[in-house]
Amino acid sequence: MLVGHEAAWKAWNSATTSDRMHHAWLLTGRRGVGKMHFAEAAAQRLLETDRPAADHPDIIVLTHLPKDDKEDKKRAEGKPYELKRNIAIQQIRTMQVALTKRPTLGDRRVVIIDPADDMERNASNALLKSLEEPPRGCTFILISHHPARLLPTIRSRCRTLRFPPLGNEQLAALLRRECPQEDEGAISEAIAAAGGSPGFAISFLALDLAKAAAVMRDIAGSGDESFALHAKLAGILGSRPDRAKLQAALEVARRTLADGIIASGGRGADAGAQAHEELTQLENELATYNYDAGLLVMQIGTLLARTAASTKRSYA
């Protein structure tokens, strides 16, 4: 059991032993708090199996597919590959066809959608029909990092399980256990950047982002008219950072902006909100567009510096 899942397991176990098990569940919380881990384990418990979800014929997992045939070939070869931006309606329709047949190994089936936030509009509408008239013995588990993006009619048909962020002490204990090679300074940076998400904190350490996070705080706190800190940030992230590192850097930048505005008592909120929105858009587009890594890092620095004059707060 992952840390912080105790309440969710209590609710799930209580439901599975009751006379009326709800047919659709919505797992909400920050990315990286372990919602997919919970969904797979919950599906295994429901089907009374130790077989991994990915290999079980009665557990259907819908998530992002490879971007194209070229990327699909990379997946087959065990190489890193790019994903499509959305979960398409065809994936929902294929799942619905499968649900017209009997389960393979028993009388239950589980459908996991990760993340449900990324379904195309038509895919959401198609799923809604299945939620309104669920096949017998089928349980839907929808994973959501941003439930506001879901159709209200989908949310209303699901029972919600919330996965809260971990407290700093819990996260520190977990990181010391899982990443014993890291020093306390790096662990502190990971905790500050993660916002209670253990998955992101571990990724932050694996990607060696502690120094980059410190430079981002300097830029957001004091600005960077000479662009010296921009250059330092680019040097730390490297000349050719991969997509995962850029994605994490964008999230660190968004967290830095939010923390800076809170610490300044709300000064610069308008400028910070606009910069935060632009960072979010860049993060969303990163999965689809082939951005120049160097220019993207410079843009991160520029958006952080934009709010420095408004917040007038030093992070030194």
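The value of relative contact order for the chain, using C-alpha pairs under 8 Å at least six residues apart, is 19 percent. Helical runs assigned H by DSSP (4 residues or longer) give the chain a calculated mean residue ellipticity at 222 nm of -16500 deg cm²/dmol, each run adding -39500 (n - 2.57) before division by the residue total.
Net charge near Met119: determine it from the other residues with C-beta under 14 Å of the C-beta of Met119, scoring Lys and Arg +1 and Asp and Glu -1. Show your work: numbers first, answer last.
Values: positive: Lys84, Arg85, Arg93, Arg121, Lys129, Arg149, Arg155; negative: Asp114, Asp117, Asp118, Glu120.
Summing Lys/Arg as +1 and Asp/Glu as -1 gives +3.
Legend: ranking of residues Asp218, Asp259, Asp72 from fewest to most surrounding C-beta atoms inside 10 Å; resulting order Asp72, Asp259, Asp218. What net charge is computed for the residues neighbouring Ala193, neighbours being all others with C-beta under 11 Å from the C-beta of Ala193, Lys and Arg scored +1, Asp and Glu -1? So the surrounding residues net to 0. Using the Cβ-Cβ distance between Thr94 and Arg240 with R0 set to 30 Å, the FRET efficiency works out to roughly 0.25.
When a footprinting reagent is the concern and you count Cβ atoms within 10 Å, what order do Ser203, Ser188, Ser14, Ser144 take, fewest first?
Numbers: Ser203 20, Ser188 15, Ser14 9, Ser144 24.
Least to most surrounded, the residues fall as Ser14, Ser188, Ser203, Ser144.
With neighbour counts taken as other beta-carbon atoms within 10 Å, the residues Val215, Val33 rank, fewest first, as Val215, Val33. Here the spin labels are modelled as points 7 Å beyond Cα on the Cα-Cβ line, and at Thr63 and Glu48 they lie 2.8 nm apart. With a Förster radius of 25 Å applied to the beta-carbon distance between Asp107 and His22, the computed FRET efficiency rounds to 0.90.
Using Cα pairs closer than 8 Å and at least 6 residues apart in sequence, work out the relative contact order for segment 6-162, in percent. If you can, show how the numbers build up before the last one.
Values: 232 pairs, mean separation 54.7, N = 157.
Dividing the mean separation by the residue count of segment 6-162 yields 35 percent.
May I ask you to compute the full-extension gain from Glu133 to Lys211, defined as 0.36 nm times their residue separation minus their alpha-carbon distance, rounded to one decimal in nm?
22.9 nm
Amide hydrogen proximity for Leu83: with H placed 1.01 Å from N in the peptide plane, the residues at 5 or more positions away or on another chain lying under 5 Å are Lys67. The residues packed around Asp68, meaning those with a beta-carbon under 13 Å from its beta-carbon, carry a net charge of +3 if Lys and Arg are +1 and Asp and Glu are -1.
Only the coordinates and a few stated rules stand behind these numbers; no lab work does. Computed from a predicted structure; not experimentally measured. Positions of Cβ are generated from backbone atoms using ideal geometry, with glycine treated the same way; all protein chains shown enter the neighbour counts.
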